[in-house]
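What follows is a short report on a single structure.
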Amino acid sequence: MARPPNPNPRTLPPVLLLLLLVPLPLGADPLPTEGRLVNSCIQARRKCQVDPICNAAYHHLNSCTSSVSTPSPAQELLVPEECREAAQHLRNSSLMSCTCHRRMKNQVACLDIYWTVHLARSLGDFELDVSPYEDTVTRKPWKMNLSKLNMLKPDSDLCFKFAMLCTLNDKCDRLRKAYGEACSGSRCQRPTCLGQLRAFFEKASEPHAQGLLLCPCAPADQGCGQRRRNTIAPSCALPSEAPNCLELRRVCLSEPLCRSRLVDFQTHCHPLDILGTCATEHSRCLRAYMGLIGTAMTPNFVSNINTSIALSCTCRGSGNLQEECEQLEESFSHNPCLMEAIAAKMRFHSQLFSQDWADSTFSVMEHQNKNPALRPQPWVPSLFSCTLSLILLLSLW
């Protein structure tokens, strides 16, 4: 017997229709922009501009930053009273918690806003600088197909192999050639060289950049060590005569970008003990360390035969500030957190080439997925389950 038609056909509730139209997140996020940060300083500044009181206070505080000198860790911050009053009006503004990102558009403008407001954050009890960078995690695992190196001799050193992997990647090769040309001996203009170095380490994929910079070498293989040490073109990127380390820091703190990278390094590469425990994860310390390359505080390997790191500066002539200068220099040369982070990354790079190349791409992805921050977010399977339930529900409607 035929089933009689339903005289009152049911319509889908509006909530179900809305849920069906919600797209599921697929793939990785693109490079972060100010719109993708939780509270970028550029967004916060736009909100402040709408509020006349906030806007006036920000402009007044901006004029104060030029008259207030940046103190060293041993000095107190001296702020005029009118600047303190302007800062009080920003206490409840979203500017107080704004951040930036290394790869965002308008990064320098964002950092300018951050350090203008930082004066307001430091009023009252003197607080150590806090990194202006928001840590974002890319969920997409990276791939590096080591089978492309079949053309090389099996005994080629790992620094040469990572250089070849960069050459075989269009973006890495283009960025590397750009700073190689800018930093070449005959065309060396240090500001241009440093700018191209920053562009490489900001725009090249992290695996390629870390592979070039942190490739492991056998202790007796000076050719490999020299290739690693020359990654940043030190003959052009580093000063010809080593300046005083405190003077180098003074120059760095006067530039919003360099100051931000230095504070980021001090935040994430701060050692908690002599065993190499970092205040945060090793990966964040390495990212902060690489962020300094291309600034006035560019560090590099000391020699071709070991992995010791140092700034290109000296503490001679520091006078009463000798101890402060040595602490700054040792935050690079005797930093157990940084040394262990570099050693761990080099061990990982060695393990990549100790396996069968046919399985190497999978191994790299598996290693990254062991990091809890890079695992699929818990709301992804929840959305999948919700969508599946809706499909079953509609089939029975």
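The values are calculated or read from the model by the stated rules, or taken from the named source; none is laboratory data. Remember, predicted model here, so these are calculated numbers, not experimental data. Reconstructed Cβ throughout: ideal geometry from the backbone, glycine too, with neighbour counts over all protein chains shown. Just the protein is used for accessible areas: all its heavy atoms, side chains included, with ligands, DNA and RNA removed. Shrake-Rupley method; radii C 1.70, N 1.55, O 1.52, S 1.80 Å.
The table below lists the values:
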item: Residue list for region 208-231, filter: in a helix (DSSP H, G or I) and in contact with a His (Cβ under 7 Å, 6 or more places away or on another chain); result: Gly211
item: Residue in region 101-114 that is in a loop (DSSP other than H, G, I, E, B) and within 10 Å of Leu61 (Cβ to Cβ) present; result: no
item: Some residue of region 266-279 being within 29 Å of Gln189 (Cβ to Cβ), in contact with a helix residue (DSSP H, G or I) (Cβ under 6 Å, 6 or more places away or on another chain) and assigned to a helix (DSSP H, G or I); result: no
item: Residue within region 221-232 that is surrounded by fewer than 20 Cβ atoms within 10 Å (Cβ to Cβ) and hydroxyl-bearing (Ser, Thr, Tyr) present; result: no
item: Among (1) in a loop (DSSP other than H, G, I, E, B); (2) at pLDDT 70 or above; (3) of a type in the set (Asp, Glu), the one test that Asp125 misses; result: (2)
item: Scope region 302-321; condition within 15 Å of Arg249 (Cα to Cα) and of a type in the set (A, V, I, L, M); matching residues; result: Ala310, Leu311, Leu321
item: Subset of region 272-290 (residues that are open to solvent by less than 10 Å² (accessible area, probe 1.4 Å) and under 8 Å from the mean Cα position of the chain (by Cα)); result: Ala288
item: Near pairs, Cβ below 7 angstrom, 6+ apart or cross-chain, from region 167-188 (under 13 Å from Ser205 (Cα atoms)) to any residue that is part of a loop (DSSP other than H, G, I, E, B) and open to solvent by less than 40 Å² (accessible area, probe 1.4 Å); result: Lys171/Ala204; Cys172/Ala204; Leu175/Ala204
item: Residue identified as closer than 26 Å to Asp51 by Cα and at pLDDT below 80 among Leu152, Leu119; result: Leu119
item: Unique match (being hydroxyl-bearing (Ser, Thr, Tyr) and either touching a helix residue (DSSP H, G or I) at 6+ places or on another chain (Cβ under 7 Å) or touching a residue at least 12 places away in the same chain (Cβ under 8 Å) (or both)) among Ser205, Ser240; result: Ser205
item: Any pair with Cβ under 7 angstrom, 6 or more apart, that starts in region 85-98 at a residue that is at pLDDT 85 or above and ends at one that is part of a loop (DSSP other than H, G, I, E, B) and surrounded by 20 or more Cβ atoms within 10 Å (Cβ to Cβ); result: Met96/Leu90
item: Count - residues of region 150-207 that are open to solvent by less than 90 Å² (accessible area, probe 1.4 Å) and outside any helix (DSSP H, G or I); result: 10
item: Residues that are open to solvent by 50 Å² or more (accessible area, probe 1.4 Å) and in a helix (DSSP H, G or I), drawn from region 252-265; result: none
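To keep it simple, each residue is scored yes or no on (1) under 15 Å from Glu247 (Cβ atoms); (2) assigned to a helix (DSSP H, G or I); (3) assigned by the TED database to the domain that holds Phe332.
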{"position": "Cys285", "(1), (2), (3)": "no, yes, yes"}
{"position": "Ala288", "(1), (2), (3)": "no, yes, yes"}
{"position": "Ile293", "(1), (2), (3)": "no, no, yes"}
{"position": "Ala296", "(1), (2), (3)": "yes, no, yes"}
{"position": "Asn300", "(1), (2), (3)": "no, no, yes"}
{"position": "Ile305", "(1), (2), (3)": "no, no, yes"}
{"position": "Gly317", "(1), (2), (3)": "yes, no, yes"}
{"position": "Leu321", "(1), (2), (3)": "yes, yes, yes"}
